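Heads up, the thing below is written out as structure tokens.
The values are calculated or read from the model by the stated rules, or taken from the named source; none is laboratory data. None of the values given here were measured: they were computed from a predicted structure. Using ideal geometry, Cβ is built from the backbone for each residue, glycine included, and neighbour counts are taken over all protein chains shown.
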Amino acid sequence: MRSPTPAACNAQIHPPAPYNNPIFSLFAAEPAIDIMTDQNQILFEQASITTPGGVNSPVRAFRSVGGTPRFIKRALGAYMWDENDTQYLDFVGSWGPAILGHAHPKVVQAVQTAAADGLGFGAPTRAEVEMAQALCAMLPSLQQVRLVSSGTEATMSAIRLARGFTGRDLLVKFEGCYHGHSDSLLIKAGSGLLTQGNPSSAGVPQSVSNDTLVLPYNDVAALQQLFKEKGAQVAGVILEPIAGNMNFVRASTEFMQTLRALCTQHGALLIIDEVMTGFRVGLHCAQGLYGIDADITTLGKVIGGGMPVAAFGGRADIMAHMAPLGGVYQAGTLSGNPVAVAAGLTTLNLIRETGFFENLRSKGETLLAGFTRAAQNAGVPFSTDIEGGMFGLFFSETPPKSYAQVMASRADLFPAFFHAMLDEGIYLAPSAFEAGFISAAHTDQDIERAIAAAERAFAKVAPSV
Ligand SMILES: *Cc1c(COP(=O)(O)O)cnc(C)c1O
């Protein structure tokens, strides 16, 4: 008789199923860790009983590369250790926040100090004032800002604000950009250029997608056509200025300038989603690089320094439409949480030190030049791009400029490369469609080590080219 479900929580852990993923068979010959005692495997099986897919965010599940997710026990600087005590040089950085490296002593100290004074009050604090002042000082297009707890909340609130401010419903987004998982933003392109989008997730009502249009990224002509035909209906346009959720694809200057001009001309709001790029690609975010101001900016990741802090903000006349001043409602029990804000504020202070981004970039460029050389030597099609502490690795001869070009790359080579690197103790994002991140804690020796590993990894991949 089958035991009732709750007993499954205490069920004895069965020996792991044989690795049946074809990718894994390449590396299964001599596993470094006995599969019977592999803590990652044991924990993953336990996790899969009580958590869907064993993870609390899908890409952590290693589905696109195969194999077992690493369960991380601790991290320090550029390194992480899993539950087997295997060490990894980390190029994910918690998906962007860890720009100083993990557990920076000053950030940890600030968190401990804040925690000792109480974990949260549901009332305003001095730290929130300082945080808002720091954000507005560093990003000129921010006159006012509101703190929230995730990037998803920030973008969701930003589009509600754009709709509330303009009195229009239509939202425009771009293929390959990710803006969190709210209904209005989980929309993919419809059949025609200017036809309504379709839900990209089950559970998103078709009625919601009726108000979202999805255009190809970097396509200036499509943008002009859209505004010509529907400009008066557009509440806002949201984009990642450097798309980090389809690997790494930068908007062209022409595209950004056209977008800015068209939004202004038609009274639509430009929402620049800097949840990933904000204080990651430079001290003044992507807007500083392009010399373009958003009407509304969304922030997250780095501004929380590893804790849950995100924000949206922009022109004061727009932000005045937010409750309690205006009619656009938005709220959060944990918004501006003092412990989280302490981590974020300390991080923002540390990245303002002179030469911080130049240093990040020069280490990143060395890394990418080494990877490129290694790929060339192995005869693997490969290219790279970088801005600040964020980079892209592409299995294509030149960096892609659109979602279609990303999809046309040899992403099929990535899983083998990923696992070869992981076996070398180099932790890359477990997907060919994510950006990479470097931190201030990565040393020149770390970079050399990663390049040497890449030489062996590309050689392993080469026979499949
Ligand atoms: C990560 C990300 C989000 C979502 O942020 P969460 O904190 O994961 O909800 C939104 N937009 C961009 C550009 C992101 O990279």
Checklist line | Residue, nearest to the ligand (Cβ to nearest atom), within region 111-138, restricted to residues that are of a type in the set (V, I, T) and surrounded by fewer than 18 Cβ atoms within 10 Å (Cβ to Cβ) | finding: V129
Note to self: Given the condition touching a strand residue (DSSP E or B) at 6+ places or on another chain (Cβ under 6 Å) and polar (S, T, N, Q), answer yes or no: does some residue in region 249-269 qualify?
What the structure shows: no
Notebook entry, point to check: Can A103 be described as free of Cβ contacts under 8 Å to residues at least 60 places away in the same chain and in contact with a Leu (Cβ under 6 Å, 6 or more places away or on another chain)?
Noted result: yes
Notebook entry, point to check: Within the set of pairs 6+ apart or on separate chains, which have a first residue in region 432-449 that is surrounded by 21 or more Cβ atoms within 10 Å (Cβ to Cβ), a second that is in a helix (DSSP H, G or I) and of a type in the set (F, W, Y), and C-beta atoms under 6 Å apart?
Noted result: A432/F414
Note to self: For region 383-411, give me each residue that is closer than 26 Å to P69 by Cα and either surrounded by 18 or more Cβ atoms within 10 Å (Cβ to Cβ) or touching a residue at least 40 places away in the same chain (Cβ under 8 Å) (or both).
What the structure shows: T384, G389, M390, F391, G392, L393, F394, F395, V406, S409, R410
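Results for (1) assigned by TED's automatic domain parsing to the domain that holds F395; (2) more than 16 Å from the ligand (Cβ to nearest atom); (3) of a type outside the set (S, T, N, Q); (4) closer than 24 Å to A310 by Cα, shown as yes or no for each residue.
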position	(1), (2), (3), (4)
S149	no, no, no, yes
T152	no, no, no, yes
L223	no, yes, yes, no
M246	no, no, yes, yes
T253	no, yes, no, no
Notebook entry, point to check: Would a scan of region 186-202 turn up a residue that is more than 14 Å from the ligand (Cβ to nearest atom) and in a helix (DSSP H, G or I)?
Noted result: no
Item checked: Condition met for Q376 (outside any loop (DSSP other than H, G, I, E, B), under 28 Å from E353 (Cβ atoms) and free of Cβ contacts under 8 Å to residues at least 12 places away in the same chain) -> no
Next item on the list: Considering only residues that are away from the ligand (no atom under 16 Å from the Cβ) and not aliphatic (A, V, I, L, M), look in region 154-185 and name the one that is surrounded by the fewest Cβ atoms within 10 Å (Cβ to Cβ).
Entry: G167
Margin query: When you check S141 against the structure, is it within 16 Å of the ligand (Cβ to nearest atom) and hydroxyl-bearing (S, T, Y), yes or no?
Written below: no
Notebook entry, point to check: What pairs can you find where one residue is in region 72-96 and within 22 Å of Q445 (Cα to Cα), the other is crowded, with 21+ Cβ neighbours inside 10 Å and β-branched (V, I, T), and their Cβ atoms are less than 6 Å apart, with a gap of 6+ or different chains?
Noted result: L89/I426
Notebook entry, point to check: If you scan region 132-173, which residues turn out to be within 30 Å of Q405 (Cβ to Cβ) and in a helix (DSSP H, G or I)?
Noted result: G151, T152, A154, T155, M156, A158, I159, A162
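Results for (1) within 20 Å of A75 (Cα to Cα); (2) at pLDDT 95 or above; (3) in a loop (DSSP other than H, G, I, E, B), shown as yes or no for each residue.
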site: I386; (1), (2), (3): no, yes, no
site: F391; (1), (2), (3): no, yes, no
site: F417; (1), (2), (3): no, yes, no
site: M421; (1), (2), (3): yes, yes, no
site: A441; (1), (2), (3): yes, yes, yes
site: A453; (1), (2), (3): no, yes, no
site: A457; (1), (2), (3): no, yes, no
Next item on the list: Assess whether V129 counts as being closer than 30 Å to F71 by Cβ, assigned to a helix (DSSP H, G or I) and free of Cβ contacts under 8 Å to residues at least 40 places away in the same chain.
Entry: no
Check: Do the conditions hold for D34, that is, is it out of contact with any helix residue (DSSP H, G or I) (no Cβ under 6 Å at 6 or more places or on another chain) and touching a residue at least 12 places away in the same chain (Cβ under 8 Å)?
Finding: no
Checklist line | Matching entry among G120, G176 (being part of a loop (DSSP other than H, G, I, E, B), more than 21 Å from the chain's Cα centre (by Cα) and among the small types (G, A, S)) | finding: G120
Next item on the list: Can you work out which of the residues in region 231-244 that are touching a Cys at 6+ places or on another chain (Cβ under 7 Å) and over 13 Å from M390 (Cα atoms) is farthest from the ligand (Cβ to nearest atom)?
Entry: V237
Notebook entry, point to check: If you scan region 32-85, which residues turn out to be polar (S, T, N, Q) and either outside any loop (DSSP other than H, G, I, E, B) or surrounded by 15 or more Cβ atoms within 10 Å (Cβ to Cβ) (or both)?
Noted result: Q39, N40, Q41, Q46, S48, T50, S64, T68, N84
Item checked: In region 190-241, residue nearest to G151 (Cα to Cα) [restricted to those that are of a type outside the set (G, A, S) and surrounded by fewer than 13 Cβ atoms within 10 Å (Cβ to Cβ)] -> P205
